[in-house]
Amino acid sequence: MPLLRVLLESRFKLKTHTEVRVTPVYALVQVKSRAKLKDAAPPPANADPQALDDQMRGKVDHSKPAPGSFMVTGNGWVGSAVQVAGLLGQIAYEEGATDRLMVDETGLTGYYDFAVKLLHDKDGPSVAQQIEDQLGLKVEQRKLPIQTYVIDSAEKPSEN
């Protein structure tokens, strides 16, 4: 990021500052009965990148995700040693909550194993209700102070 910042400042004469703004967000929180995630050991820090690539390309057993990742199928998700922050994008996508930033307000800081079976039945429970029932997590609309980058000025770059 520092190199990108230098490039933008030199090439586009970009000037920015940061400020904290109260912003509408989606917050992932625990329900009152608490999260239903199984504690797990952290994934190995020195995991073999080739083994993870083989897993992703289907060269090894696909029935379980590699530690530190989760698999998404038409039936749901299965995770192995995943932090809650790693689920934010998937939950936002499944619940259609993609028009705002989603933040982790669960207070959960560990690594977790989980399995979610999602039914996409128009007469059945909503995806949000299924996630709440199976993971003990739900999405709420909130307004939170968020550090925001503000562009003060920029110029069209000159010819090379």
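Since every read-out is calculated from the coordinates, none of them should be taken as a lab result. Bear in mind that the values here come from a model prediction, so they are computed numbers and not experimental data. Quick reminder, even Gly has a Cβ in these numbers, built from the backbone with ideal geometry, and neighbours come from all protein chains shown.
Over the chain, what is the relative contact order in whole percent, taking alpha-carbon pairs under 8 Å and six or more residues apart?
After rounding, I find 42 percent.
Given PRO43, VAL22, PHE114, which one lies farthest toward the positive end of the charge dipole of the chain, if we put +1 on the Cβ of every Lys and Arg and -1 on the Cβ of every Asp and Glu?
Toward the positive end, the furthest listed residue is VAL22.
Just to verify a number: FRET efficiency for TYR149 and LYS36, C-beta to C-beta distance, R0 = 45 Å, to 0.05?
0.80
Taking the Cα centre of the chain as origin, work out the dipole magnitude from +1 charges on Lys and Arg Cβ and -1 charges on Asp and Glu Cβ, in debye rounded to 20. Walk me through the numbers before you get to the answer.
Numbers: 19 positive and 21 negative charges, 57 e Å.
The dipole magnitude comes to about 280 debye.
Which entry in (1) 10.1; (2) 13.9; (3) 18.7 is this structure's computed mean projected area of the Cα convex hull in nm²?
(2)
Using 0.36 nm per residue, how much length does the chain from ARG100 to LYS156 gain when fully extended, once their Cα-Cα distance is taken away?
17.2 nm is the gain from fully extending ARG100 to LYS156.
Hey, which lysines would be in cross-link range of LYS13, C-alpha to C-alpha under 18 Å, not counting anything within fewer than 8 residues on its own chain?
Within the straight-line cut-off, LYS13 pairs with LYS156.
Residues of the stretch 133-160 with backbone nitrogen within less than 15 Å of a virtual label 7 Å along the Cα-to-Cβ line of GLU19, please, listed as ranges.
Under cut-off, by backbone N: 145-153.
Show the residues, 5+ positions off or on another chain, whose built amide H is closer than 5 Å to the amide H of LEU14.
Those qualifying (amide H under 5 Å, at least 5 residues apart or on another chain) are GLU9, GLU155.
Using θ = phi - 60° and the Karplus relation 6.51 cos²θ - 1.76 cosθ + 1.60, list the HN-Hα couplings for the stretch 99-105 in order, rounded to whole Hz, with x at every Gly or Pro.
In residue order, the calculated couplings are 8, 9, 5, 10, 10, 8, 10 Hz.
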